[in-house]
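Each remark here refers to the structure printed beneath this line.
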Amino acid sequence: MRFRLSKEIKKYFNKIMAEGGYLGSDKNKFMQFDIYYNCALIGFSSLKISEDASDLEDMMPTYPKEYKNSKPYIAGLLIATEFKRQGFDVTSRDLEKLMLKYLDNEKETYLSNDGYDLLNAYSLAGAQIYRENSADAPRTKEDFLLTVNQTIKKYGENDNV
């Protein structure tokens, strides 16, 4: 499995996304995974997923080096968010079932195939929510991060995550 981002979202964020998805020499742009991860954070905060995978394109099979140390945290956020989205009680044994379904300790990312699919679904939903909360596509990294922050706060006020 791979992390996946939609063609439409890549086009929408093209002004702030580095060519080929990796930074290279352009420090004024984000790599694809930065966009992907921030959109996933919006998806987490809203407790929303998108199951429309028709437009998704593969990005990479594992985390870029800048995110290698974050993989257990991202896996934990995924499980905690899904647990809450599904409305499980904290005393429920369903946490173990979710962990077994979405995590795989043998994989470099700690994600099972279902875990990749779920994280992709949160990221896609977050990108769609971003677009709904922004008048235009971001022109700078700062514009993007400001809208991400405002959108997460908006959903955080609803005590979702």
Let me spell it out: the conditions are (1) touching a Lys or Arg at 6+ places or on another chain (Cβ under 9 Å); (2) basic (Lys, Arg); (3) more than 17 Å from Asp34 (Cβ to Cβ), and Lys101 meets all of them except one. Which number is the exception?
(1)
Restricting the stretch 114-128 to residues that are closer than 18 Å to Ile16 by Cα and hydrophobic (A, V, I, L, M, F, W, C), which is surrounded by the fewest Cβ atoms within 10 Å (Cβ to Cβ)?
Ala127
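Which of the following residues is aliphatic (A, V, I, L, M), touching a Phe, Trp or Tyr at 6+ places or on another chain (Cβ under 6 Å) and over 18 Å from Ser6 (Cα atoms): Leu47, Leu103?
On the way: Leu47 fails: touching a Phe, Trp or Tyr at 6+ places or on another chain (Cβ under 6 Å).
It is Leu103.
From Lys71, Lys141, Lys84, grab the single residue that is more than 18 Å from Asn38 (Cα to Cα) and either surrounded by 12 or more Cβ atoms within 10 Å (Cβ to Cβ) or in contact with a helix residue (DSSP H, G or I) (Cβ under 7 Å, 6 or more places away or on another chain) (or both). Give the derivation first.
Values: Lys71 fails: more than 18 Å from Asn38 (Cα to Cα); Lys141 fails: more than 18 Å from Asn38 (Cα to Cα).
Criteria check complete, one pass: Lys84.
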Conditions: (1) in contact (Cβ under 8 Å) with a residue 12 or more places away in the chain; (2) within 18 Å of Tyr155 (Cβ to Cβ); (3) surrounded by fewer than 21 Cβ atoms within 10 Å (Cβ to Cβ). Leu103 meets all but one. Number of the miss?
(2)
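Filter the stretch 31-59 down to residues that are part of a loop (DSSP other than H, G, I, E, B), crowded, with 18+ Cβ neighbours inside 10 Å and either among the polar types (S, T, N, Q) or in contact with a Lys or Arg (Cβ under 9 Å, 6 or more places away or on another chain) (or both), then give me how many there are. It would help to see each step written out before you state the result.
Applying the first criterion (part of a loop (DSSP other than H, G, I, E, B)) to the stretch 31-59 yields 31, 47-55.
If we keep only those that are crowded, with 18+ Cβ neighbours inside 10 Å as well, we get 31, 47-50.
Now narrow it down to the ones that are either among the polar types (S, T, N, Q) or in contact with a Lys or Arg (Cβ under 9 Å, 6 or more places away or on another chain) (or both): 47-50.
Residues flagged as part of a loop (DSSP other than H, G, I, E, B), crowded, with 18+ Cβ neighbours inside 10 Å and either among the polar types (S, T, N, Q) or in contact with a Lys or Arg (Cβ under 9 Å, 6 or more places away or on another chain) (or both) within the stretch 31-59 amount to 4.
Bear in mind that the values in this text are calculations on the coordinates, not laboratory data. Small disclaimer: the values here were computed from a predicted structure and weren't measured. Here Cβ is always computed from backbone atoms with ideal geometry, including for glycine, and neighbour counts include all displayed protein chains.
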